Each structure stands twice: as C-alpha cells, then as structure tokens.
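Okay, structure first, notes after.
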Amino acid sequence: MTPILEMEGLRLSYGPVEVLHGVGFSVQPGEAFAIIGPNGAGKTTLFKAITGEARCSAGRIRYRERDVTDLPPHVRARLGMGRTFQMARVFTDFTVFENVAATVEARLRAEGRFRPTLRRRFAPEVTSETEGLLADIGLPDQRETPAATLSHGDKKRLEFAIALALRPAVLLLDEPTAGMSLGDRAATVGLIARIRRERGVTVILTEHDMDVIANLAERVLVLNYGETLAMGTMETVRADPAVRRAYLGEEIYGD
C-alpha cells in the first residue's frame, strides 16, 4: 500500500539549535500513528514541519505521493491535512455553532462550491453540515454557547469539530487529552477512535498518556532530542531498553 504521508531526513533548526536531526517515517492511509518522547524531544516541532508552520532546512515531505515540502500551511490544509493544538484554538468571540459554520463556509468557498452573498445568516448547506458535526462530537445542545465559556474538554471537542469541518484525510492531534479529567479523556479517546473508524481519517497524534496511546495507536515513533529512538507497535517500543531508559522508565515497565 502506498503511504499517505512520508517524511525523509527532516532537519529543522531554531536559530543555531537543530531540533530535528534527520527524522523519517511513513504513515499508511487510515492508520493511527503516535509520536511520543520526553518534553523537548521535538514532537510539536515535527508537527509544525509536517503542516508547514516551520520550514525544514533539509529533507522531504510527501503527501499522497506529492512533494509538499515547500508548500505553505493553508495549501497543505486544502489538500487534506488538518491539525489541533495542545491548547485548543477556537474563536472565543463566536458561539459554538459559529466556530464550526465559519470553517465549513470557508472550505466551501475554497472548493468553489459556495458564493458569498449579502446576508445575515449562514446558508442552508452550511447550517446542515455544521449541525451534523456538532451532533457527531457531542455538542448539539451548546450550539449557542459562547466558545469562551466552554470547559476545557468542550473547547478541545469544538476544536476537533473545526478540524473535521475541513474534511481532512490526515488529522494531526497535538496532545488531544492534555489537561482533561479522566472522564473527558476516556470520552475523547472514544470520539477519536469512532471518527477514525467511520470517516477513514488517518490520525497522527502526540500524547504523554500511555493508556491513550495504547488504546488508539497501531504504531509508535519514539523521539529523543530530535532523533528517532525506536519505532513499531506499542509492545515493541515498550520492550526496547533504550526507550525505557529515555522515556517510559524502568520503574514503570520493569523486568
């Protein structure tokens, strides 16, 4: 099977400090792939490289066999690469409904399927799709709620809906359960698994919670100081002595 996303020899620096040192891997269509590592390992920087938010000094990125290394973030998003952030990014001055509807409308305009008019309401096709997304992620009863007043977990869910409104083929989730209660974390894991199953979305995530990784990811890449330390199934990387020393810890997964 041809990978949907391929990275080859990625190097990226912030000033004189090189953060990524020749990282490379590929992800299959529909796969759930996790990137883990200690704080400062380069996980978020790798996400920024994939989405075009940070420019690599060396290496290539291919999406659906197309070289996207030099394409800006908005072009990659239009091609089907979406992402969420460690701290949820939503339009706090908008309601829940307006956050998602504005994104749906923007996508339709970019696709040439929607022509803006002088009106005060969203078009029926925008409203219909937005209501479906809110129902899908469990926020239909909060459509008129200002986003600024949402709980942390609900803001993360709203950000997830905004990302889905772009209809991505690849969805990058940066710490999707960070700061959540146990209940919200379990609900989010279930939501991600269901969306991936129902929509066939390829999921790439970073996460510190190993239970979340074990429940979602088929393969895991372990980064350490910007280098690939190990890659394989969760069982494989758990058994790797170098991974235990650098990240998981002998006291957690001892012999």
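Taking the range 129-169 as the range and being of a type in the set (D, E) and in the same structural domain as Q86 (by TED's automatic domain parsing) as the test, the residues that pass are D154, E159.
Within the range 213-243, the set of residues being of a type in the set (G, A, S) and at pLDDT below 90 comprises A239, A242. Would you call K43 surrounded by 15 or more Cβ atoms within 10 Å (Cβ to Cβ), under 14 Å from V222 (Cα atoms) and of a type in the set (D, E, K, R)? Answer is yes for this residue. As a summary of the residue check, C56 satisfies the conditions (1) touching a strand residue (DSSP E or B) at 6+ places or on another chain (Cβ under 9 Å); (2) closer than 25 Å to G9 by Cβ; (3) surrounded by fewer than 16 Cβ atoms within 10 Å (Cβ to Cβ) except for the one numbered (3).
Against the conditions (1) assigned to a helix (DSSP H, G or I); (2) surrounded by fewer than 20 Cβ atoms within 10 Å (Cβ to Cβ); (3) touching a residue at least 12 places away in the same chain (Cβ under 8 Å), P38 satisfies every one except (1). Selection within the range 45-58: residues that are out of contact with any Asp or Glu (no Cβ under 6 Å at 6 or more places or on another chain) and not aliphatic (A, V, I, L, M). The member of this set that is farthest from I204 (Cα to Cα) is S57.
The values are calculated or read from the model by the stated rules, or taken from the named source; none is laboratory data. Because the structure is a prediction, the values reported are computed rather than measured. A quick note on method: Cβ atoms are made from the backbone with ideal geometry, for glycine too, and the neighbour counts reach across all protein chains shown.
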